[in-house]
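Structure record follows, encoded as structure tokens.
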Amino acid sequence: MTENITAVAAEDLDDESPAASPEGASAETASAGASSNTFDDSSTGGTPDESRSDGDVDGGDVDGRRSEKRRDKHELLVAEGDAAGDYLERLLDILDFDGDIDLDVEGERAVVSIIGDGDVDRLVGDRGEVLDALQELTRLAATAETGQRSRLMLDVAGYRARRRTELTELGLSTADQVLDGGEAVKLPPMNPFERKVVHDAIATVSGVESSSEGEEPRRRVVVSPAA
């Protein structure tokens, strides 16, 4: 099994909007948000030899705990990917398909890819329907092994990577269409992964915004002039 464990920029591939709004909401508007935490390190008012009170927090201790938490989270994601990889290797053996398993960590998500051609393409299905079902099964297997809810992303033969490029181009071209015409455009129904990619693309264009409407499996992205 080929393993490539690295940490790169976080990206939530299942949640539709950059704001990570719930999938069940009636409409999601693509937006980006940031939050800040301010720490007030107050003096104890005593001499340098006096010990801090229980309520005082040393900045180094805070940074150390954060670093340890990130390390623990990364180790959990690696374990999740390993469990998913073992499950998929057994599946490939049962199906007698040739393919390599690549494991990665992107932000706060394990990413597992089946690399190969020929038979493994059958694990994608029409518009990725088989791939989506296999991803859910793999998540269940990883959850059973680790005891932690899995949000891993599964790709087969580079399908999601190619689809991401196509959808990004679709989102940008639709944004241009809305800017030129001044009217909203409804895109074809998409799954959550596909809608998320389109929302992300729209969020990079000034003067337009995106939302989702409808119910699964007919839920779609609507691109509109910015309010």
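See the values below:
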{"quantity": "Shape call, the range 162-225: gyration tensor on alpha carbons, a/c limit 1.5", "calculated": "oblate"}
{"quantity": "Label-point gap, in nm, between His74 and Ala227 - each point 7 angstrom along Cα→Cβ", "calculated": "4.1 nm"}
{"quantity": "Residues whose placed amide H lies under 5 Å from that of Glu108, excluding near-sequence neighbours", "calculated": "Glu11"}
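Here, each number is a calculation from the coordinates, and none is a lab measurement. Computed from a predicted model, the values in this text were never measured in an experiment. As a convention, Cβ positions derive from the backbone with ideal geometry for all residues, glycine included, and neighbour counts pool all protein chains shown.
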